[in-house]
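Chemist: Provided herewith is a single structure, encoded as structure tokens, for subsequent inquiry.
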Amino acid sequence: MMKQIVYAIAAIVIILLAVPSMLVLIYQAPAERPVQQVAEEKGTPMSPAVQKQIKHIDFSVRVFRVGTGKIDTVPLEEYVMGVVAGEMPAEFEIEALKAQAMAARTYITLRLAKKDFKDVPKDAHVTDTVKHQVYMDDKQKRERWGSAYTWKEARIRQAIEQTAGQVLTYQNEPINATFFSTSNGYTENSEDYWETRIPYLRSVKVPWDNISPNYEETVTMTVQQLEKKLKTKIAQPAAAGGNTWQKVLSRTAGQRVKEVKIGDKTFTGREVRTMLGLKSSHFAMSIENGKVKIRTLGYGHGVGMSQWGANGMAKEGKTAEEIVSYFYKGVQIESAEKWIK
């Protein structure tokens, strides 16, 4: 009888010790960043001169919602929050998010300063698409983020509040703060993509982008598909694997294709990117087994701030001020108030 009692007690002890281990095996840690971490990431304070200028501006942006055909009137900083949420992953470093916030606020400030709204419906300032800046309202953020909504919203709000009212200027005017996802290792001079030289949009090295999921892509199509899309004719020997059917004639400062001859026509790299729907104008073509293979590096037009580059700089300890100063040469950080009435 005594032995049975001892065995029973021993069995209970074993079960009690095993349960926590079993729970650890069963429980899966959340894939998303917990809310507690948001409070720990204070971000790097801006310089005193810039910090003095931080101010919430009482102004609302009228956003045309393409999906509904309606215009939403949104407070300026809430609009910037919606743009950062739509344009940059909330998982990015806080200093990268702050740099994105300044770029997004600068973009809308420049539109408001110019008062040129011909490309939007009456009474609107901007659309919510890539035509201008992607903007997500609270409902869209909740749908996209699901259970991660709380910490992602808090994280982006932190970036907006720490840069409130701040825009990037050059010679006392808001800049055209262009940005894109992923570089090929360099940004582009503005005139190599848009034919207009802008002094603050200069080519710089971006060694951080090769970890981006969009850094490299290979697109495959038939020779006939390529000919149809480019409205050109490729010499038949190309089907045998030769590479004389195309030749890169020149490259830009950012190492992308400036001019290329394909078949019997000459194109700009931008034209080829647009006509073939490529992620980048840095591309290389070959024909293998009767199929055209096009390898691209980077994602986007390449002008201005690389978002993955900004995140790479932030990971190395660079501040938002240092990030925007690297991608936009010679800019200052000022309050948007004098341009927004």
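Chemist: Quick one: how many residues across the stretch 93-119 are surrounded by fewer than 22 Cβ atoms within 10 Å (Cβ to Cβ), assigned to a loop (DSSP other than H, G, I, E, B) and in contact with a helix residue (DSSP H, G or I) (Cβ under 9 Å, 6 or more places away or on another chain)? Outline the logic, then answer.
Modeler: Of the stretch 93-119, the ones surrounded by fewer than 22 Cβ atoms within 10 Å (Cβ to Cβ) are 94, 110-119.
Now narrow it down to the ones that are assigned to a loop (DSSP other than H, G, I, E, B): 115-119.
Remaining after also requiring in contact with a helix residue (DSSP H, G or I) (Cβ under 9 Å, 6 or more places away or on another chain): 117.
The number of residues fulfilling the criteria is 1.
Chemist: Identify all residues within the stretch 322-341 that are aliphatic (A, V, I, L, M), in a loop (DSSP other than H, G, I, E, B) and modelled with pLDDT of 95 or more; write none if there are none.
Modeler: Looking only at the stretch 322-341, we keep the residues that are aliphatic (A, V, I, L, M), and these are 323-324, 331, 333, 336, 340.
Next cut, in a loop (DSSP other than H, G, I, E, B) only: 331, 340.
Correct list: Val331 only.
Chemist: Does Lys279 satisfy being in contact with a helix residue (DSSP H, G or I) (Cβ under 7 Å, 6 or more places away or on another chain), open to solvent by 10 Å² or more (accessible area, probe 1.4 Å), part of a loop (DSSP other than H, G, I, E, B) and at pLDDT 95 or above? Don't jump to the end; show me each part of the working.
Modeler: Values: in contact with a helix residue (DSSP H, G or I) (Cβ under 7 Å, 6 or more places away or on another chain): no; open to solvent by 10 Å² or more (accessible area, probe 1.4 Å): yes; part of a loop (DSSP other than H, G, I, E, B): yes; at pLDDT 95 or above: yes.
Spelling it out, it is not the case that Lys279 is in contact with a helix residue (DSSP H, G or I) (Cβ under 7 Å, 6 or more places away or on another chain), open to solvent by 10 Å² or more (accessible area, probe 1.4 Å), part of a loop (DSSP other than H, G, I, E, B) and at pLDDT 95 or above.
Chemist: Then there's this: Can you find, within the stretch 282-321, the residue that is nearest to Leu230 (Cα to Cα) among those that are among the small types (Gly, Ala, Ser) and in a loop (DSSP other than H, G, I, E, B)?
Modeler: We begin by selecting, within the stretch 282-321, every residue among the small types (Gly, Ala, Ser); these are 284, 286, 290, 298, 300, 302, 304, 306, 309-310, 312, 314, 317, 320.
Okay, now just the ones that are also in a loop (DSSP other than H, G, I, E, B), so 290, 298, 300, 302, 304, 317.
Values: Gly290: 18, Gly298: 22, Gly300: 20, Gly302: 22, Gly304: 28, Gly317: 45 Å.
Out of the qualifying residues, it is Gly290.
Chemist: I'd like to know if the stretch 174-186 contains one or more residues that are open to solvent by less than 40 Å² (accessible area, probe 1.4 Å) and at pLDDT below 95.
Modeler: no
Chemist: Still on this structure, I have one more. Looking only at the stretch 252-276, filter to residues that are among the polar types (S, T, N, Q) and assigned to a strand (DSSP E or B); which one of those is farthest from Trp208 (Cα to Cα)? First the steps, then the outcome.
Modeler: Within the stretch 252-276, the subset among the polar types (S, T, N, Q) is 252, 255, 266, 268, 274.
Filter once more, keeping what is assigned to a strand (DSSP E or B): 266, 268.
Values: Thr266: 33, Thr268: 27 Å.
Once the filter is applied, the top-ranked residue is Thr266.
Chemist: Given the criteria over 19 Å from Phe180 (Cα atoms) and either surrounded by fewer than 19 Cβ atoms within 10 Å (Cβ to Cβ) or modelled with pLDDT of 95 or more (or both), does Glu288 qualify?
Modeler: Values: over 19 Å from Phe180 (Cα atoms): yes; either surrounded by fewer than 19 Cβ atoms within 10 Å (Cβ to Cβ) or modelled with pLDDT of 95 or more (or both): yes.
Yes: the conditions hold for Glu288.
Chemist: Please go through the stretch 120-147 and pick out each residue that is open to solvent by less than 70 Å² (accessible area, probe 1.4 Å), among the charged types (D, E, K, R) and either more than 27 Å from Pro89 (Cβ to Cβ) or part of a loop (DSSP other than H, G, I, E, B) (or both).
Modeler: Hits for the stretch 120-147 are Asp128, Asp137.
Chemist: Let me ask something else. Give the residue, chosen from Tyr200, Tyr170, that is assigned by the TED database to the domain that holds Ile323 and either open to solvent by less than 20 Å² (accessible area, probe 1.4 Å) or in contact (Cβ under 8 Å) with a residue 60 or more places away in the chain (or both). Break it down into steps so the answer makes sense when it comes.
Modeler: Numbers: Tyr200 fails: assigned by the TED database to the domain that holds Ile323.
Of the residues listed, the single one that is assigned by the TED database to the domain that holds Ile323 and either open to solvent by less than 20 Å² (accessible area, probe 1.4 Å) or in contact (Cβ under 8 Å) with a residue 60 or more places away in the chain (or both) is Tyr170.
Chemist: Just the residues that are open to solvent by 10 Å² or more (accessible area, probe 1.4 Å) and among the hydrophobic types (A, V, I, L, M, F, W, C), please, taken from the stretch 253-276. Reasoning before the result, please.
Modeler: Our first condition is that a residue be open to solvent by 10 Å² or more (accessible area, probe 1.4 Å); within the stretch 253-276, this holds for 253, 255, 258-259, 261, 263-268, 270-271, 273-276.
Result: Ala253, Phe267, Met275, Leu276.
The values are calculated or read from the model by the stated rules, or taken from the named source; none is laboratory data. Remember, it's a predicted structure, so these values are computed and weren't measured experimentally. Here the Cβ is made from the backbone with ideal geometry for all residues, glycine too, and neighbour counts use every protein chain on show. In case anyone asks, the SASA skips ligands and DNA or RNA and just uses the protein heavy atoms, side chains included. Shrake-Rupley method; radii C 1.70, N 1.55, O 1.52, S 1.80 Å.
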